[in-house]
Amino acid sequence: MSHRKRTFAVLAGAAGALLLASVSMPAQTMTSGKSGSPDSKFVMEAAGGGMAEVAMGKMAAEKGTDPDVQKFGQRMVDDHSKANDELKQIASSKGVTVPADVPAAEKAKMDKMAKLTGPAFDKAYMADMLADHRKDVAAFRKESTSGKDADVKAFASKTLPTLEEHLKMAEQTNARVAGK
């Protein structure tokens, strides 16, 4: 057998072995550390968004002039801090490292918001929270129904009612603050 034919035979055998192994192995999910999975993407986005909620909530609790805005901000700090801790534990158990800081896009929003004061801050914060929680509810609802990783799916299902409550609060507070 020529060198070329022998190389082809070895490569064909290796490809066949890989194909057989991939057919007999279960599909990878986040539990195997696959970083590109939808579950992993959800974890990364939820972690970054949760950190932003806490940071902006602190800002609202301090800078907000409307008592309901301050109360909403503090609620974001309390609820999202708790959810973030739980999500970090799940991610850690899966070998996934969550972001250490607020995503750049969220930082840019925070920088703009930090320059606002009084009712302008209250309106901008609540409008952002309304839009953000609409996105969050949709993402958590999707993960809770179609997630592949059981732990991540359970986290999304458990957290979804709180986010839906946040959305209702944001709708009510935003309507009142925007009408001023």
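The values are calculated or read from the model by the stated rules, or taken from the named source; none is laboratory data. Just so you know, these numbers come straight off a predicted model, no measurement behind them. Here the Cβ is made from the backbone with ideal geometry for all residues, glycine too, and neighbour counts use every protein chain on show. For accessibility, only protein heavy atoms count, side chains too; no ligands or nucleic acids. Shrake-Rupley method; radii C 1.70, N 1.55, O 1.52, S 1.80 Å.
Quick check on my filter: what residues within the stretch 148-157 are more than 13 Å from the chain's Cα centre (by Cα) and touching a residue at least 60 places away in the same chain (Cβ under 8 Å)? Outline the logic, then answer.
Residues of the stretch 148-157 more than 13 Å from the chain's Cα centre (by Cα): 148-151, 154, 157.
Of everything in the stretch 148-157, those that are more than 13 Å from the chain's Cα centre (by Cα) and touching a residue at least 60 places away in the same chain (Cβ under 8 Å) turn out to be Lys148, Asp149, Asp151.
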Restricting the stretch 44-66 to residues that are among the charged types (D, E, K, R) and open to solvent by 10 Å² or more (accessible area, probe 1.4 Å), the residue that is farthest from Asp151 (Cα to Cα): Lys63
For Asp122: the one exception among (1) assigned to a helix (DSSP H, G or I); (2) in contact with an Asp or Glu (Cβ under 7 Å, 6 or more places away or on another chain); (3) under 17 Å from Ala178 (Cβ atoms); (4) open to solvent by 20 Å² or more (accessible area, probe 1.4 Å): (4)
Cross-chain or 6+ apart pairs with Cβ under 6 Å, the stretch 96-107 first and in contact (Cβ under 8 Å) with a residue 40 or more places away in the chain, then of a type in the set (Ser, Thr, Tyr): Val96/Ser40
Test result for Pro161, touching a residue at least 60 places away in the same chain (Cβ under 8 Å) and open to solvent by 30 Å² or more (accessible area, probe 1.4 Å): no
Test: residue in the stretch 129-140 that is modelled with pLDDT of 95 or more and within 12 Å of Ala60 (Cα to Cα): yes
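When the stretch 74-106 is examined, which residues are found to be over 23 Å from Lys158 (Cβ atoms) and either surrounded by fewer than 16 Cβ atoms within 10 Å (Cβ to Cβ) or over 15 Å from the mean Cα position of the chain (by Cα) (or both)? Break it down stepwise before answering.
Within the stretch 74-106, the subset over 23 Å from Lys158 (Cβ atoms) is 100-106.
Of everything in the stretch 74-106, those that are over 23 Å from Lys158 (Cβ atoms) and either surrounded by fewer than 16 Cβ atoms within 10 Å (Cβ to Cβ) or over 15 Å from the mean Cα position of the chain (by Cα) (or both) turn out to be Ala100, Asp101, Ala104, Ala105.
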Residue satisfying condition, being open to solvent by 50 Å² or more (accessible area, probe 1.4 Å), in a helix (DSSP H, G or I) and at pLDDT below 95, within set Lys71, Lys34, Lys41: Lys41
